[in-house]
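The values are calculated or read from the model by the stated rules, or taken from the named source; none is laboratory data. All values reported here derive from a predicted model rather than from experimental measurement. Because the Cβ atoms are built from the backbone with ideal geometry, glycine has one as well, and the counts that use them run over all protein chains shown. Keep in mind that these areas ignore ligands, DNA and RNA; they rest on the heavy atoms of the full protein, side chains included. Shrake-Rupley method; radii C 1.70, N 1.55, O 1.52, S 1.80 Å.
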Amino acid sequence: MDGWAHDATASARATGATPPYFAKLRQGFSEKLVNPPPPNTDVLARRLKREQLEAIERFGKTGTPFAPQARDVRRETSDRLRAAVEAGRAADVYMMDVTAPILALVAIVEVRQARDGSLIDLQVLEGSGDPKFDRWAVSHLREALASAEPPTDGGVGIREDGMRTRWRLEEYLGNPRVRVHLISIY
């Protein structure tokens, strides 16, 4: 039985399943990170410009602004005129997928907790570029951690010297909730 349980745990980790304690923690973070302050328009404009340039570069390399694909050189060389027309037309086209939600801000935070779940340290590893959002996120994460239940014994990532996790916080325009992704447990 123990072998099956260890195999199931290993399989869950390999497929990206979040351990129960950290899944609850993510849920608590998601509940607290609601109605973020509006993003700084300068930061948002820089991000959109950068994404536009990356999409144009992808189009030049792959023939599509959306998904990286290998270029079919044979097709391009056999129909140079069509490729030239498309490339010329593509220069005037806005290369963003307008059906996708617009990612406004992203921040990466690290949470250090004691074995009992109490907060040791919370720091922004990669800021969003908008200090107002970063401060807002850190204060709400602290509130969520203060009300979080302590971990049970023996969970994945829960060690005697404490726990360290990294989280990605994503704010999308028009969405009142910040998306929270667990990046790593170490």
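Computed on protein heavy atoms with a 1.4 Å probe, the accessible areas place Ile120, Ile158 in the order Ile120, Ile158, largest first.
Sorting Phe59, Phe22 by accessible area puts them as Phe59, Phe22; the probe is 1.4 Å, largest comes first, and only protein heavy atoms count. Here Lys61 is the anchor, and the lysines within straight C-alpha reach of less than 20 Å, apart from those fewer than 8 places off in the same chain, are Lys49.
Find out how many positive minus negative residues lie around Glu110, taking Lys and Arg as positive, Asp and Glu as negative, among other residues whose Cβ is under 14 Å from that of Glu110. Show your work: numbers first, answer last.
On the way: positive: Arg112, Arg142, Arg164, Arg166, Arg168; negative: Asp121, Glu126, Asp134.
Value of the local net charge: +2.
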